[in-house]
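What follows is a set of notes on a single structure, which appears directly below.
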Amino acid sequence: MKAIICTAYGPPEVLQLGELPIPEPKRGQVRIKMRATAVTYSDCFMRGLAIKPFMRTVVRLIIGWRRPRKQVLGIIVAGVIDQVGAGVTAFKEGDEVFGMDGYGACAWAEYKCMKVNRLIALKPKNLTFAEAAAIPYGGLLALAFLKRGGIAAGKRVLIYGASGATGSSAVQLAKTFGAHVTAVCSTANVELVRSLGADAVIDYTTEDFTATADRYDLIYVAVGGRYHPASEDQCRKVLASGGAYVTVDGLNPKMTREMLVELSHLMESGSFRAVIDRSYPLAEVAEASRYVETKRKRGNVVIDVA
């Protein structure tokens, strides 16, 4: 099978198209004929070891010294089950599925084996595989962090970084909970964010949201600290008494299969949609990664495996 092999830690050029044996599903696994996947910020961090220097040695000991032990990266899954391992009853051959496998990786390939107790669910019938691949990463992160922040109807929510994979999902999900949403983004993304349902949009290039008189019950910073200038102390200036501040830089949120199914139902109902910036063929994962690292993407960057 064709697969993108990570030959070392480093820039996108370390990702090379190669040939690997088609994997066989073990007990408790299904094999998925991949139709689409995605390039996420997490993939780029893993490939480039874009973490604080003192942590790199620890991470190398865990995931591989010279290169990742899993030579194929990619955590987003969208495809058709073509073989079922022993003991699997939840899925069958021919099922169209989507999900995320942060521990298993190996999604940048024509076939992937995945444990069925991971984040995998039936693909909504009204979505293409590309659209399904654009949902799990941002959708699950946004849903987990919003729930951690106590999202509820009537709450005033501010989402910083509202045009990325996580932010664009957070805007839509907060609206499904009945919240009043203020989105913060750049000039180029104002209309996109409005189309996602934001009640108010602040262009951070012309207005400092931390200097307004407004107060919010929940502030969700949907981009890492290295990508935005506002510190936590500045954000808390506009936080209402008893309000919650959550950020993607926080501890890993708990993401469950039930949450993936919840997203699936929202997509089927039309109240939640995929936001896709660009699509690349499998052979161009390195180029897709290079674009993701420009920090200018809107929503998701999808890989067409088929």
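A few points about this structure:
- Residue count for the stretch 24-58, restricted to those that are within 23 Å of the chain's Cα centre (by Cα), surrounded by 15 or more Cβ atoms within 10 Å (Cβ to Cβ) and not small (G, A, S): 16
- Taken over the stretch 247-264, the criterion of being over 29 Å from C235 (Cα atoms) and without any contact (Cβ under 8 Å) to a residue 24 or more places away in the chain is satisfied by E258 alone.
- Selected residue [modelled with pLDDT of 95 or more, of a type in the set (F, W, Y) and assigned by TED's automatic domain parsing to the domain that holds L282] from F45, F91, F54: F91
- Out of Y160, Y111, one residue alone is touching a residue at least 60 places away in the same chain (Cβ under 8 Å) and outside the structural domain of P12 (by TED's automatic domain parsing). It is Y160.
- Looking at V30, V39, just one residue is over 21 Å from G299 (Cα atoms) and either charged (D, E, K, R) or in contact with a strand residue (DSSP E or B) (Cβ under 7 Å, 6 or more places away or on another chain) (or both), and that residue is V30.
- Some residue of the stretch 195-204 being under 16 Å from G243 (Cβ atoms) and either of a type in the set (G, A, S) or within 22 Å of the chain's Cα centre (by Cα) (or both): no
- In the set G10, G79, only one residue is exposed (fewer than 15 other Cβ atoms within 10 Å of the Cβ), under 23 Å from the mean Cα position of the chain (by Cα) and of a type outside the set (S, T, Y); that residue is G10.
- Which listed residue is under 30 Å from A244 (Cβ atoms), at pLDDT 95 or above and in contact with a strand residue (DSSP E or B) (Cβ under 9 Å, 6 or more places away or on another chain), from A133, A109, A153, A170: A170
- Filtering the stretch 92-115 to residues that are surrounded by fewer than 17 Cβ atoms within 10 Å (Cβ to Cβ), on the phi < 0 side of the Ramachandran plot and more than 21 Å from the chain's Cα centre (by Cα) leaves K92, E93.
- Which numbered condition I151 fails, given (1) part of a helix (DSSP H, G or I); (2) buried (at least 21 other Cβ atoms within 10 Å of the Cβ): (1)
- Scan the stretch 69-108 for residues that are without any contact (Cβ under 8 Å) to a residue 12 or more places away in the chain and of a type in the set (V, I, T) and the total you get is 1.
- Only one of the numbered conditions (1) crowded, with 24+ Cβ neighbours inside 10 Å; (2) assigned to a loop (DSSP other than H, G, I, E, B) is not met by T166, and that is (2).
The values are calculated or read from the model by the stated rules, or taken from the named source; none is laboratory data. Everything numeric here is computed off the predicted structure, so don't read it as measured data. Cβ atoms come from the backbone with ideal geometry, glycine included; neighbour counts cover every protein chain shown.
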